[in-house]
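Remarks on the structure that follows.
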Amino acid sequence: MILTKAQYEEIAQCLVAVPPTRQSLRKLKQRFPSQSQSTLLSIFSQEYQKHIKRTHAKHHTVEAIETYYQRYMSGVMKDGTAPVLLELANEVDYAPSLMARIILERFLQEREESPPSKSVINSMLRDPSQIPDGVLANQVYQCIVNDCCYGPLVGCIKHAIGHEHEVLLRDLLLERNLSFLDEDQLRAKGYDKTPDFILEVPIVMLCPLALEGHIIHWIESKASFGDECSHQAYLHDQFWSYWNRFGPGLVIYWYGFIEELDCNRERGILLKDCFPTNLVTLGQSIAQP
């Protein structure tokens, strides 16, 4: 779904003072019933991640870590079954999974008298049963399953959704008999930074208001909403590199984007929120399902 900048900012403004919970997402859907659940969830997640990045440093000072750890220890001594860690994260407005990481690192450092490795921490967050303390393991588990935007569970879900949309795009290309190379094939040829699909025979996307269509050499799938922050980062890190190496291409933001960001068409980067149907091959035959 394509939104104007004003529409996007209205949604983003509603997220400023709400906690990152599933209940908040339900209220957001009620406030904006015309927007899809997937679009709202993507915006919801992106806005919360921006907030976390802005406030990350204050939660990682020595004083803050010690305060959180002592509050955690005091809470579980009173009632180890209560969601102490989750409630602490919500109280200080920090992602539950990230709070769990802070407390787990502090716990292991005290137990082992040395900073734990990142790989050990990540493994324990993925599987809390590895944590050598049953109470903390349960507390970490509660944080992981109740975090809407961070943590290994969310990471797995995002990866699966991204892969699902790449498979969808592949199927659409095959249905239209469009020959392509995928990311794995391109890497096997020695390319280090590649879009999801390179078209072996370029296609032209026709535009009703344009005298000429737009040539497409590559297609990138993004299972997210294209806001200004993420889109500018993608332009810098990916899209312009693809353009420089392979020519003009198409980016599909499956959950929509801000309309004003589609401003590089003449330079060779097009944005869509679905697979375009108005395609013509360079041989002038219409590419149909």
Lone unmet requirement of (1) part of a helix (DSSP H, G or I); (2) open to solvent by 80 Å² or more (accessible area, probe 1.4 Å); (3) of a type in the set (D, E, K, R) for K193: (1)
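Here is a check on your reading of the model: is E63 loosely packed, with under 13 Cβ neighbours inside 10 Å and either modelled with pLDDT of 95 or more or part of a loop (DSSP other than H, G, I, E, B) (or both)? Walk me through it before giving the result.
Numbers: loosely packed, with under 13 Cβ neighbours inside 10 Å: yes; either modelled with pLDDT of 95 or more or part of a loop (DSSP other than H, G, I, E, B) (or both): yes.
Here the answer is yes, as E63 does meet what is asked.
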Count of region 242-264 residues which are under 14 Å from S221 (Cβ atoms) and part of a helix (DSSP H, G or I): 1
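So in region 119-128, with the set limited to residues that are open to solvent by 50 Å² or more (accessible area, probe 1.4 Å) and not in a loop (DSSP other than H, G, I, E, B), which one is nearest to V84 (Cα to Cα)?
R126
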Subset of region 99-118 that is under 23 Å from the mean Cα position of the chain (by Cα) and at pLDDT 95 or above - its residue that is most open to solvent (accessible area, probe 1.4 Å): R101
Any hit, region 84-92, residues being in a helix (DSSP H, G or I), open to solvent by less than 40 Å² (accessible area, probe 1.4 Å) and within 30 Å of H231 (Cβ to Cβ): yes
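Report yes if S74 is farther than 18 Å from V145 by Cα, in contact (Cβ under 8 Å) with a residue 40 or more places away in the chain and surrounded by fewer than 17 Cβ atoms within 10 Å (Cβ to Cβ), otherwise no. Walk me through it before giving the result.
Values: farther than 18 Å from V145 by Cα: yes; in contact (Cβ under 8 Å) with a residue 40 or more places away in the chain: no; surrounded by fewer than 17 Cβ atoms within 10 Å (Cβ to Cβ): yes.
Against the criterion (farther than 18 Å from V145 by Cα, in contact (Cβ under 8 Å) with a residue 40 or more places away in the chain and surrounded by fewer than 17 Cβ atoms within 10 Å (Cβ to Cβ)), S74 does not qualify.
The values are calculated or read from the model by the stated rules, or taken from the named source; none is laboratory data. None of these values were measured; they are calculated from a predicted model. Backbone-built Cβ (ideal geometry, glycine too); neighbour counts: all protein chains shown. Heads up: the accessible areas ignore ligands, DNA and RNA and are worked out on the full protein's heavy atoms, side chains in. Shrake-Rupley method; radii C 1.70, N 1.55, O 1.52, S 1.80 Å.
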